[in-house]
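Notes to accompany the following structure.
Any read-out appearing in this document is the output of simple, stated calculations on the displayed coordinates, not a laboratory observation. The model shown is predicted, which means the values in this text are computed figures rather than measured ones. Quick reminder, even Gly has a Cβ in these numbers, built from the backbone with ideal geometry, and neighbours come from all protein chains shown.
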Amino acid sequence: MAPPTTKAPSRQATAECEIVSNAGNCYNAGQFCRKADLGRSTHAGNGRLIHCRLDGSQPRWQY
């Protein structure tokens, strides 16, 4: 019997990114965030903490 296989982690997302895009990438400040993520925080690809907040009428990741 073959050992169970595991999926390799995405190269774009690191352990620091708690919330990732649908494509599996870390977010960066200035990018749009999902409405479901409003009020949540995660670490950006550069390791800095970012928050999903409204910027006008659109949710964006901000420092």
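General observations
- Our coupling estimate for segment 20-28, obtained by passing each phi through the Karplus curve with A = 6.51, B = -1.76, C = 1.60 and θ = phi - 60°, is 10, 5, 4, 7, x, 9, 5, 8, 10 Hz, Gly and Pro reported as x.
- Rounded to the nearest Hz, the phi-derived 3J(HN,Hα) couplings of segment 32-41 under the Karplus curve 6.51 cos²θ - 1.76 cosθ + 1.60 (θ = phi - 60°) are 5, 10, 6, 4, 5, 9, 3, x, 8, 10, where x marks glycine and proline.
- Residue 63 paired with residue 28, simple spin-label distance in nm, labels 7 Å along Cα-to-beta-carbon: 1.3 nm
- Neighbourhood net charge (13 Å Cβ-Cβ; Lys/Arg +1, Asp/Glu -1) for residue 59: +3
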